[in-house]
Amino acid sequence: MAHVFFDSKDGVRLEGIWHGDKNAPAAIITHPHPLYGGTMDNYVIDAVASAFLENNYATLRFNFRGVGESTGRYSDGKGEVDDVLGAVAYAGQIGAGQIVLAGYSFGAWVNAHVPMHLQPVEMIMISPPVAMMDFSAIDALASLTLVITGENDEIAPPAMIKRHLARWNPEARLRVIQNDDHFYATGLPALKTMVKEHIDRTG
């Protein structure tokens, strides 16, 4: 595990944690909303990272601008898209193979706004906040393969996500964790299992 720094597309210096072989396929994992305490050390981010590491992926988690040791300030998602692009470029520069982009809550919203031609080959969303943030600009997400949310998630309600999926990518799989909400208080083991099963299935 290495504490790393790299530049956002617009030159902001970002703090991250790289874990695993530099030449392995890599998962870049983005964190919840910075204004509500979201950081790369979030426990859901940790569970998703563990699922990838146990399936021989490297992982890069990083703090969006203005969080931890990352410079800059919160930018309403616009600058944060540049942060994701910087992370993708960094992973490529150090030799990562296939790149998967995974995001939790705000992180999923930011990932969805990465221009389609710049998206990695695969995207996973954990509780995309469709009831809290505006996804209306997202017409299609060809790289989206999996969405996970909680049955009782009021920020990412399954029924609302299903309606969005019809537009984003009807072939993406939606998995719902029973009796759980946006914060995965009891659903972390199920979340990790679902991510691992997806990796096993898609390779």
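The values are calculated or read from the model by the stated rules, or taken from the named source; none is laboratory data. Only a predicted model underlies this, so the values are computations on that prediction, with no experimental measurement involved. FYI the Cβ positions are ideal-geometry reconstructions off the backbone, even for glycines, and counts take in every protein chain you see.
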Any hit, the stretch 46-53, residues being aromatic (Phe, Trp, Tyr), crowded, with 24+ Cβ neighbours inside 10 Å, modelled with pLDDT of 95 or more and closer than 25 Å to residue 23 by Cβ: yes
For residue 60: the one exception among (1) farther than 22 Å from residue 192 by Cβ; (2) buried (at least 22 other Cβ atoms within 10 Å of the Cβ); (3) in contact with a helix residue (DSSP H, G or I) (Cβ under 6 Å, 6 or more places away or on another chain): (1)
Matching residues in the stretch 98-128 - criterion: being assigned to a loop (DSSP other than H, G, I, E, B) and crowded, with 23+ Cβ neighbours inside 10 Å: 105, 127, 128
Qualifying residue in the stretch 21-37 (condition: touching an Asp or Glu at 6+ places or on another chain (Cβ under 7 Å) and either assigned to a loop (DSSP other than H, G, I, E, B) or among the acidic types (Asp, Glu) (or both)): no
Out of 74, 184, sole residue that is of a type in the set (Phe, Trp, Tyr), at pLDDT 95 or above and on the phi > 0 side of the Ramachandran plot: 184
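Conditions tested, residue by residue: (1) within 29 Å of residue 97 (Cβ to Cβ); (2) touching a Leu at 6+ places or on another chain (Cβ under 8 Å).
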| site | (1), (2) |
| --- | --- |
| 116 | yes, yes |
| 121 | yes, no |
| 134 | no, no |
| 143 | yes, yes |
| 148 | yes, yes |
| 154 | no, no |
| 161 | no, yes |
| 174 | yes, yes |
| 180 | no, no |
The stretch 41-74: number of residues that are outside any helix (DSSP H, G or I), of a type in the set (Gly, Ala, Ser) and over 11 Å from residue 28 (Cα atoms): 4
